[in-house]
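Here is the structure we will look at, set down as structure tokens.
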Amino acid sequence: MEQPARRVLLKISGEALMGAGVAIDPCFLERLAAEIQEVHNQGVQLALVVGGGNIFRGVSSGAMGMERSSADHMGMLATVINALALQNALEKIGLTVRVQSAITMPQVAEPFIHRRAVRHLEKGRIVIFAAGTGNPFFTTDTAASLRAAEIHADMLLKGTKVDGVYSADPKQDASAQKYDRLTFDAVFSKGLKVMDLTAITLCRDNRIPIMVFSILEQGALAAVIRGENRGTRIGVD
């Protein structure tokens, strides 16, 4: 079992928020908020980055024919919608939350200011980083790695719809092997599609371990933060 983390950044894919026929599933949001509250009550400082793929993705088929910068900015705005939905779910159960956006929109979110974000965490507030890095051609995975480095997170948690990193797509290859632990170098050498290479490199260079786990598994978030291996841990050794 690993040492419990004191400050973590949780990256959630936009697709994880989807329900049957809806872009944002209120039942999932309610359950996720309760799990975040459990972690918060343990004294963990928690920041989040939410993707926008449930609404719009800049490299999706829906963006075909669009100029890439415009499509990516649309994807960033989708992450703001998800961040506000998550903020609302958390505030309904009594948590104090701040959304910081890399694209200035003062009517709905604070601008991203590194020192202010750290101060919010130190005061026990949850911070949700929205709009990626504010620049096209960068993924929300890269934004999550960047923000994790900026706030000096002990770990980056990647909550997805799968329970770890596999040697191949387990839905297409029944012989796919799940990895319990990997080094950053192994991710590069095996060509594993965990996060984009920029995101992986940022975590490697700043010695931030990554835990990939299923955000759909109830209780997994708290277990991972306690140090249990519920997915795949990626580190320097």
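The values are calculated or read from the model by the stated rules, or taken from the named source; none is laboratory data. Computed from a predicted model, the values in this text were never measured in an experiment. For neighbour counting, all protein chains shown are included, and Cβ atoms are generated from backbone atoms with ideal geometry for every residue, glycine included.
Below, the figures for the structure above:
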quantity: Residue tally, condition in contact with a strand residue (DSSP E or B) (Cβ under 8 Å, 6 or more places away or on another chain), polar (S, T, N, Q) and surrounded by fewer than 21 Cβ atoms within 10 Å (Cβ to Cβ), over segment 74-120; calculated: 2
quantity: Members of segment 1-22 found to be closer than 20 Å to Asp141 by Cβ and either in a loop (DSSP other than H, G, I, E, B) or among the hydrophobic types (A, V, I, L, M, F, W, C) (or both), listed by number; calculated: Ala5, Val8, Leu9, Leu10, Ile12, Ser13, Ala16, Leu17, Met18
quantity: Spans of strands (runs of 3 or more DSSP E) in segment 150-237 with at least 2 residues within 30 Å of Asn41 (Cα to Cα) and under 18 Å from the mean Cα position of the chain (by Cα); calculated: 155-160, 210-214, 232-235
quantity: Boolean, Arg119 is under 22 Å from Ile215 (Cβ atoms) and part of a helix (DSSP H, G or I); calculated: no
quantity: Qualifying residue in segment 206-220 (condition: at pLDDT 95 or above and of a type in the set (Lys, Arg)); calculated: yes
quantity: Positions within segment 187-202 being among the hydrophobic types (A, V, I, L, M, F, W, C) and touching a residue at least 12 places away in the same chain (Cβ under 8 Å), in sequence order; calculated: Val187, Phe188, Leu192, Val194, Met195, Ala199, Ile200, Leu202
quantity: Exclusive hit being at pLDDT 95 or above and either of a type in the set (Gly, Ala, Ser) or part of a loop (DSSP other than H, G, I, E, B) (or both), set Ile103, Ile128, Ile81, Ile55; calculated: Ile103
quantity: Residues satisfying the stated conditions in segment 136-149, i.e. part of a loop (DSSP other than H, G, I, E, B) and either of a type in the set (Val, Ile, Thr) or free of Cβ contacts under 8 Å to residues at least 12 places away in the same chain (or both); calculated: Thr139
quantity: Top-ranked residue of segment 131-154 - restricted to ones that are among the hydrophobic types (A, V, I, L, M, F, W, C) and at pLDDT 95 or above, ranked as surrounded by the most Cβ atoms within 10 Å (Cβ to Cβ); calculated: Ala144
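So that you can scan it fast, the table gives a plain yes or no per residue for (1) closer than 20 Å to Thr133 by Cβ; (2) in contact with a Leu (Cβ under 6 Å, 6 or more places away or on another chain):
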residue: Ser13; (1), (2): yes, no
residue: Ala16; (1), (2): no, no
residue: Cys27; (1), (2): no, no
residue: Ala33; (1), (2): no, yes
residue: Gly43; (1), (2): no, no
residue: Gly51; (1), (2): yes, no
residue: Phe56; (1), (2): yes, no
